[in-house]
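A.B. asks: Structure below; questions to follow.
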Amino acid sequence: MSIALAHAEAEVLEPTRVAAPPPLPARNEIATVMHAINAAATDPNVDVDKMERLLAMHERMHARANEQKFNAAMTKAQAAMGPISADAINPQTRSAYASYAQLDRALRPIYTKNGFALSFDTDDSPKENHIRVLCYVSHAAGHVRTYKCDMPADGKGAKGGDVMTKTHANGSAMTYAMRYMLKLIFNVAIGEIDDDGNGAAAAQAEAAANQVLAALMDRLLRTTRDDQAFALWQEGSRALADTKRHDLYAKFKDAVTAHRNALRGRRAA
């Protein structure tokens, strides 16, 4: 309800200024509907259909308000999320990617702080030899959004051969889907490139090779024993050899040698 102030014109050169009243608070639509519902409930002559329409309207308004809170929190959460570095290598495609554990460490503190919780489930997929993975993203306000991803679970490798049992294939597909859904839900970037899905174009090969080296260097710095560094060298040298980047291979070799010497010196001291 708006209030209009009327006043007569003053018969002076400088009219008296009247202070404007404070603005009325915005009407709370949900509270208004709730008031109508309470009033109808106490009226013995109220129409049942009218009561049901009021209740349905109240439910829709609550759902809309909760969805708006969900969207606002999602915007705030994504604003706090930066690119995440890759920490693992696919031995078949020789490509670097961010593991689920790496994503979880970076994202969980942010999305829980903003009121989100994630839970995963599976369902039948309409696609043959696929498994459907579901992610329920719930917000503290009450809104829940469901995401789905159909992943191949036929146990086939990159070249089409059988590489795992169906049980292993299902587990692998679920893990793979969870990792990619977590990236997609929060629109997270993985360094410069994440090609664990083996779908990058040839033009991205150089960036992928640099990402492989970056992931290896990061893991090397976290090794605390000589045998760990040596095992990483065996893994990394094969991955870098396949990139055909001899400069990156040499750089990693020098870094491993220096790190192993430092570890041995520490142990000797």
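A.B. asks: Can you tell me how the stretch 54-142 classifies by the Cα gyration tensor, rounded, prolate or oblate, using a/c under 1.5 as the rounded cut? Could you put the intermediate results ahead of the total?
C.D. replies: On the way: a/c = 3.56, a/b = 1.54, b/c = 2.32.
Judged from the Cα gyration tensor, the stretch 54-142 comes out oblate (a/c at least 1.5, b/c at or above a/b).
A.B. asks: Using a ≥ b ≥ c from the Cα gyration tensor of the stretch 227-266 (square roots of the eigenvalues), is it rounded, prolate or oblate, where a/c under 1.5 gives rounded and otherwise the larger of a/b and b/c decides, a/b for prolate?
C.D. replies: Working: a/c = 5.71, a/b = 1.88, b/c = 3.03.
Note, shape of the stretch 227-266 comes out oblate.
A.B. asks: Using a 1.4 Å probe and ignoring any ligands, DNA or RNA, find the accessible area of Thr122 and quote it in Å² to the nearest 10.
C.D. replies: 60
A.B. asks: What pairs from Lys69/Lys183; Lys183/Lys251; Lys183/Lys253 go past 29 Å between their alpha carbons?
C.D. replies: Cα-Cα > 29 Å for Lys183/Lys251; Lys183/Lys253; rest within.
A.B. asks: Give the distance, in whole Å, between the Cα centre of the stretch 109-137 and the Cα centre of the stretch 208-256.
C.D. replies: Here the answer is 34 Å between Cα centres.
A.B. asks: Taking square-rooted eigenvalues a ≥ b ≥ c of the alpha carbon gyration tensor, is the stretch 83-133 rounded, prolate or oblate, where a/c under 1.5 means rounded and, failing that, a/b exceeding b/c means prolate?
C.D. replies: On the way: a/c = 3.89, a/b = 1.09, b/c = 3.56.
Since a/c reaches 1.5 but b/c is at least a/b, the shape of the stretch 83-133 is classed as oblate.
A.B. asks: Efficiency by 1/(1 + (r/R0)^6): what FRET value for Lys244 and Asn90, r their Cβ-Cβ distance, R0 = 25 Å, to the nearest 0.05? Don't skip to the end; give the middle numbers.
C.D. replies: Details: r = 17 Å, r/R0 = 0.69.
In this case the efficiency is close to 0.90.
A.B. asks: If I model a spin label at Glu67 and Tyr136 as a point 7 Å from the Cα along the Cα→Cβ vector, what separation in nanometres do I get?
C.D. replies: Each label point lies 7 Å from its Cα, and together they span 1.9 nm.
A.B. asks: Can you tell me the accessible area per residue over the stretch 66-119, all protein chains present, probe 1.4 angstrom, in square angstrom?
C.D. replies: Here the residues of the stretch 66-119 average 50 Å² of exposed surface.
The values are calculated or read from the model by the stated rules, or taken from the named source; none is laboratory data. From a predicted model like this one, the values you see are computed outputs, not experimental measurements. A quick note on method: Cβ atoms are made from the backbone with ideal geometry, for glycine too, and the neighbour counts reach across all protein chains shown. Heavy atoms of the whole protein, side chains included, go into the accessibility calculation; ligands, DNA and RNA do not. Shrake-Rupley method; radii C 1.70, N 1.55, O 1.52, S 1.80 Å.
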